[in-house]
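A short worksheet on the structure shown next.
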Amino acid sequence: MDTPRNTPPEPNPEPDQNEGLNIAAAAREKEEPKAGREPVSLWTFLLAAIVLLFAGAYLGNLSGGFDNEQFTALGYTPHLPPGVEAEEVTRAWIDEYMTLGRRRFGVCAGCHGTDGSGNSAQGFPPLHDNEWTTGYSEKLAMIILAGMDGPVEVNGVVYNNIMPSQAAGLTARDLGAVMTYVRRSWGNDASIVTPEMAQHALDLYEERVAAGLGPVNASELRANHANMLPGAEVDPETGEPLSEGGDGGDPAGEEEVAALSR
């Protein structure tokens, strides 16, 4: 018997493997982004971050922080309520001078400690109750300005370390203030080093630099700098000179050192 023409083919009982692959591939395809929802470029993020950074810095520099003077009109004088009288508040000159000295001492505190106790384990001597700080003021000035190397005995302990010069950027007022702070803190009770006295120390240091000399050592300090810096002593309350000239006060603690050295 002949097979009828145009007979449809019988269905294939085996599934088409390519069909499964096409379905999986289609599932992995991402949806086409719609208009207005395209991903933002990385460069756009970077540009926005740079703009915000500079804008923040600009506002920070001009905002004045918590300084009320930034928002006060020039020449403005506050007025008290009727019937209230202003009370003048005065601060002793030595208090302001010591405050400046404490700020300048921040550089030294990294080695000698905020309390001046030093660090024996790392070779940094204490700054209280010894000839190098409360004795002749010229010694302390040269240690600060020129730096110090070689062994030095402090309160019965020998230290052998190198202290670099701290002269960079120091004015006479800065030097006098930090010396006074060291000489009158942590139980020390030595004389004040005025800016006038400190200027003499700066002049000595300039001569030392011109001569090509480096750090000082303990022997040189005792031989050449056992002096009080010249200048008039001042009234701690006002900062005004008590007399013309002068020898810069008494060298606290030096009499005991001299007696031991004899």
- Of all residues in region 173-189, how many are of a type in the set (Phe, Trp, Tyr) and touching an Asp or Glu at 6+ places or on another chain (Cβ under 9 Å)? 1
- Task: Looking at (1) in a loop (DSSP other than H, G, I, E, B); (2) within 26 Å of the chain's Cα centre (by Cα); (3) of a type outside the set (Val, Ile, Thr), find the lone condition where ASP174 falls short.
- Result: (1)
- Message: Being at negative phi, crowded, with 19+ Cβ neighbours inside 10 Å, in a loop (DSSP other than H, G, I, E, B) and over 26 Å from the mean Cα position of the chain (by Cα): is that true of ALA226 here?
- Response: no
- Task: Considering (1) of a type in the set (S, T, N, Q); (2) out of contact with any strand residue (DSSP E or B) (no Cβ under 7 Å at 6 or more places or on another chain); (3) under 18 Å from GLU220 (Cα atoms), say which one ASN188 fails and leave the rest.
- Result: (3)
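The numbers here are math on the coordinates, done by the rules we state, and not lab data. From a predicted model like this one, the values you see are computed outputs, not experimental measurements. Glycine also receives a Cβ, built like all others from the backbone with ideal geometry; neighbour counts cover every protein chain displayed.
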